[in-house]
1. Return the sequence-ordered ³J(HN,Hα) values of the range B:80-96 in whole Hz as given by the Karplus equation 6.51 cos²θ - 1.76 cosθ + 1.60 applied to θ = phi - 60°, using x for Gly and Pro.
2. Considering the dipole of chain A built from charges on the beta carbon (Lys and Arg +1, Asp and Glu -1) around the Cα centre, which of A:PHE136, A:VAL102, A:ALA268 is farthest to its positive end?
3. To make sure I understand, if each residue's beta carbon is the centre and we count other beta carbons within 10 Å, what order do B:VAL148, A:VAL132 fall in, fewest to most?
4. Which log10 I(q)/I(0) values does chain B give at q = 0.19 Å⁻¹ under the Debye formula, counting every alpha carbon as one identical point scatterer?
5. Order these by the 10 Å Cβ neighbour count, fewest first: B:LYS145, A:LYS334.
6. Per 0.36 nm of contour for each residue apart, how much would the distance between B:LYS63 and B:ARG11 grow if the chain were fully extended, relative to their Cα-Cα spacing?
7. Using Cβ counts within 10 Å as a stand-in for footprinting exposure, how do C:ASP117, B:ASP93, A:ASP146 rank, fewest first?
8. If you count, for every residue in A:213-221, the Cβ atoms of partner chains within 10 Å of its Cβ, what is the mean?
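What follows draws every value from the coordinates through simple rules; no lab data is involved. Model, not experiment: these values are computed from the prediction. Heads up, the Cβs are rebuilt from the backbone with ideal geometry, glycines too, and the neighbour counts pull from every protein chain shown.
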Amino acid sequence: MKIDMKKLAAWFDDRLALTPIFKYMTKKEVPQHEHSFWYYTGSSILLFLFIQIVTGIMLALYYQPTLEGATDSIGRIMTELPLGWLIRSVHSWSSTFMIAFVMIHLLAIWFTKSYRKPREATWMTGMMLLVVSMVFGFTGYLLPWDDLSLSATKVGTNIPMAIPVVGKWVTQFLRGGGDVTGDTLTRFYLFHVCILPLVIFAILAVHILLVQKEGMSVPLKDEIAKKKVPALPFWPNFILREVVIWLVLLGVLLTISLAFAPSLELTADLMAPAPEGVKPEWYFLFLFQTLKIFPANMGPVTGEFVAVVLILIAVVAIFFLPFIDNKPEGKKGKLIQYLGVAGLIYAIVFSIWSLL
Amino acid sequence: MRIDNAYFTRRKFLNSILGGWLGAVAASFISPIVKFVWPPYKEPDEVKLVFADYSGMQPGEVKNFAWGSKPGLIKRAPDGSFIAWVGVCTHLDCNVAWLPDKKQFFCACHDGWYDENGTNVSGPPPKPLRRLESSVEGEDLFVRKPGVGAKT
Amino acid sequence: MRKIRVLYLLVMVPVVLAPLAAVAQPSGVPPTVKDKAQIEAAVAAQAAPTQQAKPAPAPPAAKKPAAKKAEVKRTEPIVPAYSGIREKMAVIVFYVWLWFSIAVLIYFLRLWIKEADRVYKAKYYEPEESPRKDNPMAPVLGD
Ligand code: HEM
Ligand code: FES
């Protein structure tokens with residue numbers, strides 16, 4: 001039997017409304033200017049997210065989220081399964097790249113002020129994606145269940161306790177009880193492979209729909225001057241350029257993953273003293289160091305409480321940044337730009353400090 | 001429709017009953033979910049150890065025991081009695097280690113130190129280690145939460 | 001035309017398939033481990049193809065002392081590393097192939113991009129027209 005491909009295509013087109021979508025993609029235009037380069041950061045995150053999903057599913061085929069099985073099952077993946085160590089390495093490195101690109105994406109948008117009206121909601125869903133990405137990292141860090149990850153998780157899940165009343169609830173929710181135990185591991189695994197993926201897809205769908213709805217932003221000064229910015233069609237001109245970037249990133253990722261595969265420490269022992277050198281993943285280091293510089297007690301409250309409250313205020317302020325920066329071309333707009341630079345320097349300096 | 005001198009219309013009245021009822025039903029569904037997700041906090045009231053395992057300890061010596069899912073630390077006092085602590089740092093919950101040469105408890109997470117009486121002496125810990133009570137009863141060495149009397 | 005096609009196949013088939021074949025082998029580039037027991041286990045796993053059902057891990061024994069005897073506790077971290085000239089060469093060959101392939105693909109992509117830009121400029125570039133005029137997604141997205 002000969003299948004009439006044209007008819008088949010028309011059938012799908014009819015049912016799924018493909019023509020309008022393709023037509024939209026060819027009509028969609030991406031402005032070309034001196035800051036266009038940052039338009040590629042969003043799709044780079046998507047590449048790493050895709051790699052996380054594929055390698056994550058592969059690892060989940062053999063990983064066992066139990067006290068007895070967790071470390072050994074990863075040991076088995078690394079030593080017995082064909083190229084298992086490489087799959088683990090790619091998953092671990094791709095998570096680092098993904099978070100790094102989320103941060104670059106955020107900073108690029110901060111500095112170009114693309115969050116300004118009408119893209120406030122895009123920015124706010126973006127902040128949610130940042131938090132979800134970091135929670136992905138936090139929950140994933142415990143899964144090998146080795147010395148370091150256990151202690152880092154104890155510290156991390158204890159931090160909410162600094163806040164009276166609600167903090168205790170949060171900690172008990174995260175741990176599945178008062179202490180970090182096997183229940184915590186089960187819970188973190190569930191978050192990591194089920195709940196967070198659902199959440200990230202839901203938010204991402206809104207984020208990307210909003211980007212399509214508003215189109216790509218043009219530089220602020222061109223918008224004020226009402227200058228027409230030259231543009232390229234998204235399809236195929238822009239997407240082809242994205243493919244070039246994806247290829248390079250894929251090459252870098254594979255090169256690093258092959259050269260620096262992560263090792264596996266000894267199985268965590270709930271009764272053993274904490275090992276030296278407990279530290280979280282690199283993207284939490286500056287927060288970790290911030291907590292460290294506060295003294296134990298500050299008057300009536302603990303130093304930790306003050307630190308946690310300050311961090312929360314900063315996060316909320318960044319979440320509402322488009323509303324705070326309501327006159328981007330004015331003096332306040334400039335100041336907020338400098339604050340972004342200051343924040344970046346702060347994060348870098350504190351991260352390095354925490355390693356000394 | 002509003003009856004004379006009534007505060008509400010009939011629709012408002014009925015809607016609020018419906019809404020309130022729905023809210024109550026929702027709450028009755030949600031509360032067991034919340035209870036399930038937040039498990040009861042279980043720390044033992046007391047643990048029973050075999051006295052023979054600890055009777056040979058020298059004064060000043062410190063040994064570990066299991067306090068539920070956490071480590072406990074027990075020290076022999078010069079008069080032969082025992083002093084027990086929960087072996088968990090009061091800063092951010094890392095397990096502490098006893099360093100016999102320094103005669104101090106040490107937390108590696110953020111460099112916290114406690115002296116041999118469990119008092120926080122340097123680093124971020126805000127409070128002394130949590131004390132537990134201990135008593136020898138026949139063959140057994142009991143460690144209890146303060147205030148939990150001997151169960152008979 | 002036919003000659004070019006044959007030439008193309010002659011080049012591309014080995015370029016694409018050879019590394020795939022190398023990678024597909026379980027013994028591709030196994031990690032080496034410090035611990036002796038681990039090395040032995042890894043060697044044993046290599047000798048016996050992993051597809052064969054491995055004996056199930058010892059069921060958790062009821063009593064603690066027995067469990068302690070049954071399982072050999074790992075005392076060293078597992079650190080992946082390349083050992084032997086063969087593994088090191090394999091990695092280098094893979095790197096060369098990877099970056100060579102990326103270079104080739106980017107070369108062709110650039111041709112395609114140039115062509116797409118040229119077509120766009122020649123035929124469709126109408127600066128007066130707003131890019132969002134008669135946006136076909138408009139009814140879907142509601143603007
Ligand atoms: C999982 C994380 C994220 C993914 C997958 C993602 C994806 C994308 C994509 C594909 C685009 C369009 C291309 C581009 O401008 O780069 C975009 C645009 C945008 N993103 Fe994100 N994003 C993420 C996180 C964030 C974060 C953390 C923020 C900031 C708080 C953010 C704010 C924005 C804004 C304001 C735009 C519109 C930019 C413009 O129109 O010029 N996104 N995002
Ligand atoms: S947890 Fe012990 S010093 Fe921070």
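1. x, 7, 10, 10, 10, 10, 7, x, 10, 4, 7, 6, 10, 6, 6, 6, 9
2. Farthest towards the positive pole: A:VAL102.
3. Numbers: B:VAL148 13, A:VAL132 19.
Result, fewest neighbours first: B:VAL148, A:VAL132.
4. -1.13
5. Numbers: B:LYS145 16, A:LYS334 11.
So the residues, fewest neighbours to most, are A:LYS334, B:LYS145.
6. On the way: separation 52, 0.36 × 52 = 18.72 nm, distance 7.18 nm.
Stretched fully, the B:LYS63-B:ARG11 segment lengthens by 11.5 nm.
7. Ordered by Cβ neighbours within 10 Å, fewest first: C:ASP117, A:ASP146, B:ASP93.
8. Numbers: counts 7, 3, 5, 1, 0, 0, 0, 0, 0.
Partner-chain Cβ atoms within 10 Å, mean over residues of A:213-221: 2.
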